[in-house]
Amino acid sequence: MLNCIDNSGAAVVECVKVFRSKRAAKIGDRIIVVVQKQRNFGPESGPGGSVSISAANKVRRGDIRHAVVVRTAKQLQRPDGSVVKFDDNACVLINKGGEPIGTRLNGLVGKELRDKKWSKILSLAPMHL
Amino acid sequence: MSTPCAPARPLAGLKHTLRQIRSERRVQQRCYATAQKETMPIQNFHPGAIMRGNHKPDNMKRIPVIPPPKSATTVCKDPISAVTQSQISVLDPTGARTRLFDKANIERAKVGDILLVRTKNGDPFAGVCLNVRRVGIDTAILLRNQLTRVGVEMWFKIYSPNVEGIEVVQRKEKRARRAKLYYMRQPRHDIGSVENIVRQYQRQRAMTRSSEAKSRDANSHKKKNNKRGSN
């Protein structure tokens, strides 16, 4: 179970497969997820209220989508010896071509995305560490 | 031995005869043992004695004996600490980093303090120090902060060439009663983002620096004036 930190409409997703790996996913790994919980934009999105709820949610509960892991609670060692650990696991939904589904991210992402050529997600993120 | 047994019972004396035969055999064995005892081998036997008989100094080559190498314990009592010392002297020539985390130093950075680590590549990272892992050259600190409402923890090697500087932003008022403040991960004890404290500290630093620079400038001006006056 991971948090989804983009505005595609998913809030909590479940990982069902890690691409090209038999181990647990790390930051920058591509995974397949099932959307478990939808984000409700109702009262929170005051200014963006013109868009109806169904249109704002690009994905629905039960959808199978691709995603990229951007934060892990498991500590990750960098080449310089420092170690990063986040409090939660989070991902960003992407389509099969690798473009992010959402248009905005809220929350910081790991810097490892740059090495794995996810610069589009990095540019959307408000902060990377 | 005669067998005084009745012909009506032919096996009646069998037990008796058998016993007699056994006793005779025992006597024979005893004889053997005594005979052996008489012919005992040479006393004070030593295997070197055989060699000593045909020892010829002319035929034997003298084998050079090399003394054993000097024991490492006599050359260097504690090699690991020596290596650590040499590495630290390379990576921390001024000794400031060592002093900052030295246990003998009262003014050292302790757990619970808010530290700011400036790195060569990337933004500086500030956070509460949860743990100091003192392992010689691998000495590292664990900092915790909250960025965009997500808790982040980072380990930094204090002697790493990537780390430019470590500053103490704020000290803990009370001494922490634990060596490792992992309880601060719990939401009940989490102090949240330290961004405001760090920003305030940086502003103060800038102020004091500028004032220092001004005073220095003023002093130099005075000196110049004095010189001019004296001249």
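From the list A:VAL34, A:VAL92, A:VAL70, which residue is at pLDDT 90 or above and under 30 Å from B:ASN131 (Cα atoms)?
Going through A:VAL34, A:VAL92, A:VAL70 in turn, just one is at pLDDT 90 or above and under 30 Å from B:ASN131 (Cα atoms): A:VAL70.
Within the stretch B:125-139, which residues are within 24 Å of B:GLU173 (Cα to Cα) and either more than 8 Å from chain A (Cβ to nearest Cβ) or in contact (Cβ under 8 Å) with a residue 40 or more places away in the chain (or both)?
So the first thing to find is which residues in the stretch B:125-139 are within 24 Å of B:GLU173 (Cα to Cα), and the list is B:125-134.
If the condition is that a residue be within 24 Å of B:GLU173 (Cα to Cα) and either more than 8 Å from chain A (Cβ to nearest Cβ) or in contact (Cβ under 8 Å) with a residue 40 or more places away in the chain (or both), then B:ALA126, B:GLY127, B:VAL128, B:CYS129, B:LEU130, B:ASN131, B:VAL132, B:ARG133, B:ARG134 are the ones that fit.
When residues of the stretch A:95-116 are filtered for being farther than 17 Å from A:VAL33 by Cβ, without any contact (Cβ under 8 Å) to a residue 40 or more places away in the chain and out of contact with any helix residue (DSSP H, G or I) (no Cβ under 7 Å at 6 or more places or on another chain), how many remain?
Number satisfying all stated conditions: 2.
If the requirement is being hydrophobic (A, V, I, L, M, F, W, C) and in a helix (DSSP H, G or I), which of these qualifies: B:VAL111, B:VAL117, B:VAL90?
The conditions single out B:VAL90.
For the stretch B:136-153, what are the residues that are under 21 Å from B:THR98 (Cβ atoms) and either touching a Phe, Trp or Tyr at 6+ places or on another chain (Cβ under 7 Å) or among the hydrophobic types (A, V, I, L, M, F, W, C) (or both)?
Applying the first criterion (under 21 Å from B:THR98 (Cβ atoms)) to the stretch B:136-153 yields B:136-143.
Passing the criteria: B:ILE137, B:THR139, B:ALA140, B:ILE141, B:LEU142, B:LEU143.
Residues to consider are A:SER45, A:SER21, A:SER50; find the one that is open to solvent by 50 Å² or more (accessible area, probe 1.4 Å) and at pLDDT below 90.
Working: A:SER45 fails: open to solvent by 50 Å² or more (accessible area, probe 1.4 Å); A:SER21 fails: open to solvent by 50 Å² or more (accessible area, probe 1.4 Å).
Of the residues listed, the single one that is open to solvent by 50 Å² or more (accessible area, probe 1.4 Å) and at pLDDT below 90 is A:SER50.
Filter the stretch B:162-181 down to residues that are within 14 Å of chain A (Cβ to nearest Cβ) and out of contact with any Leu (no Cβ under 7 Å at 6 or more places or on another chain) and give me whichever is most open to solvent (accessible area, probe 1.4 Å).
Here the residue is B:GLU164.
Could you please give the count of residues in the stretch A:1-18 that are open to solvent by less than 20 Å² (accessible area, probe 1.4 Å) and among the polar types (S, T, N, Q)?
1
For the stretch B:131-146, which positions are surrounded by fewer than 20 Cβ atoms within 10 Å (Cβ to Cβ) and over 30 Å from B:ALA82 (Cβ atoms)?
Answer for the stretch B:131-146, where residues must be surrounded by fewer than 20 Cβ atoms within 10 Å (Cβ to Cβ) and over 30 Å from B:ALA82 (Cβ atoms): just B:GLN146.
Of everything in the stretch A:80-129, what is basic (Lys, Arg) and either assigned to a loop (DSSP other than H, G, I, E, B) or under 20 Å from B:ASN121 (Cβ atoms) (or both)? Give them in sequence order. So that I can check it myself, show each step before the final result.
Initial filter on the stretch A:80-129 (basic (Lys, Arg)): A:85, A:96, A:104, A:111, A:114, A:116-117, A:120.
If the condition is that a residue be basic (Lys, Arg) and either assigned to a loop (DSSP other than H, G, I, E, B) or under 20 Å from B:ASN121 (Cβ atoms) (or both), then A:LYS85, A:LYS96, A:ARG104, A:LYS111, A:ARG114, A:LYS116, A:LYS117 are the ones that fit.
Anything in the stretch A:98-113 that is within 11 Å of chain B (Cβ to nearest Cβ) and open to solvent by 30 Å² or more (accessible area, probe 1.4 Å)? List them, or say none.
A:ASN106, A:LYS111
Go through the stretch A:62-84 and count every residue that is facing another protein chain (nearest Cβ under 8 Å) and of a type in the set (Val, Ile, Thr).
Result for the stretch A:62-84: 2.
The values are calculated or read from the model by the stated rules, or taken from the named source; none is laboratory data. Quick caveat, the model's predicted, so the values are computed rather than measured. Cβ coordinates were reconstructed from backbone atoms using ideal geometry, including for glycine residues, and neighbour counts include every protein chain displayed. Only protein heavy atoms, including side chains, enter the accessible area calculation; ligands, DNA and RNA are left aside. Shrake-Rupley method; radii C 1.70, N 1.55, O 1.52, S 1.80 Å.
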